[in-house]
Amino acid sequence: MNLAAGAPASASSSEWNPFTSYAPGRAVDGDTGTRWASGWSDDQWLRVDLGSVRPVGRVVLDWERAYASGYRIELSENGTDWRTVWSTAAGDGGGYDTAEFPSRAARYVRVHGERRATKWGYSLHEVAVHRS
Ligand SMILES: [Ca+2]
């Protein structure tokens with residue numbers, strides 16, 4: 001079960017486009033044809049609100065061509081205090097990344113970009129959150 005399906009999402013920024021939306025919710029709408037895209041700088045994040053505190057142990061990311069070579073997954077129970085549960089400095093994009101970690105209680109999940117692989121921002125078709 002994907003806990004992030006249709007969940008409220010927010011982001012540090014979203015790329016503006018006159019013809020389509022790259023809003024944060026596009027990464028949790030269940031449609032691989034839509035995507036969130038950030039502004040064009042390294043420090044950017046996408047946050048999903050699961051609605052209540054629950055165990056989280058796996059996050060699956062469906063990257064667009066504008067992917068992160070370095071990023072971390074952060075969890076929070078209150079939306080203020082964040083704990084990094086997974087990170088990579090060798091992201092290779094190319095579709096799905098799976099981040100698995102010991103299950104922890106969280107209401108909020110954040111994909112936090114640290115280093116862009118391209119000159120563009122970060123872009124995710126979908127983000128799925130699972131208990132394990
Ligand atoms: Ca989508």
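Over the Cα atoms of the range 6-73, the radius of gyration divided by the Kirkwood radius equals 0.95; this is the Rg/Rh ratio.
Rounded to the nearest 20 debye, the dipole size of the chain about its Cα centre is 180 debye, using +1 on the Cβ of Lys and Arg and -1 on the Cβ of Asp and Glu. If you take the Cα centroid of the range 1-18 and the Cα centroid of the range 22-79, the two points sit 7 Å apart.
Magnitude of the charge dipole for the range 30-79, about its Cα centre and with charges confined to Cβ atoms of Lys, Arg (+1) and Asp, Glu (-1), is about 140 debye. Sequence-distant contacts, meaning Cα pairs under 8 Å at least 6 residues apart, place the relative contact order of the chain at 35 percent.
Once the gyration tensor of the Cα atoms in the range 47-88 is diagonalised, the equivalent ellipsoid follows with semi-axes of 21, 12, 10 Å, ordered largest first.
Length gain on complete extension for the stretch Ser103 to Lys119, per 0.36 nm per residue less the alpha carbon to alpha carbon distance?
On the way: separation 16, 0.36 × 16 = 5.76 nm, distance 3.40 nm.
Length gained, Ser103 through Lys119: 2.4 nm.
Is the range 55-132 rounded, prolate or oblate when judged by the Cα gyration tensor, a ≥ b ≥ c being the square roots of its eigenvalues, rounded requiring a/c under 1.5 and prolate requiring a/b larger than b/c? Note, shape of the range 55-132 comes out prolate. A DSSP coil position with no more than 16 other Cβ atoms inside 10 Å describes the following chymotrypsin sites (Phe, Trp or Tyr not before Pro) in the range 35-132: Trp40, Trp120. Put a plus charge on the Cβ of each Lys and Arg, a minus charge on the Cβ of each Asp and Glu, and nothing anywhere else: the dipole of the range 1-57 about its Cα centre is then about 160 debye.
Taking label positions 7 Å along the Cα-Cβ direction at both Ala5 and Val60, the computed distance is 1.1 nm, reported to one decimal. In plain terms, the chain is cut at each of the trypsin sites (Lys or Arg not before Pro) found in a DSSP loop with at most 15 other Cβ atoms within 10 Å, and the longest leftover piece is 1-64.
Cα-based Rg of the chain per 2.2 N^0.38 Å, rounded to two decimals? All intermediate terms of the calculation are to be shown ahead of the outcome.
Details: Rg = 13.3 Å, N = 132, 2.2 N^0.38 = 14.1 Å.
Rounded to two decimals, the normalised Rg is 0.94.
Net charge of the neighbourhood of Glu77, taken over other residues with C-beta under 14 Å away and scored Lys/Arg +1, Asp/Glu -1, is +3.
None of the figures in this text is laboratory data; all of them are computed from the coordinates on show. All figures in this text were calculated on a predicted structure; none of them were measured in a lab. Virtual Cβ from ideal backbone geometry, glycine too; neighbours counted across all protein chains shown.
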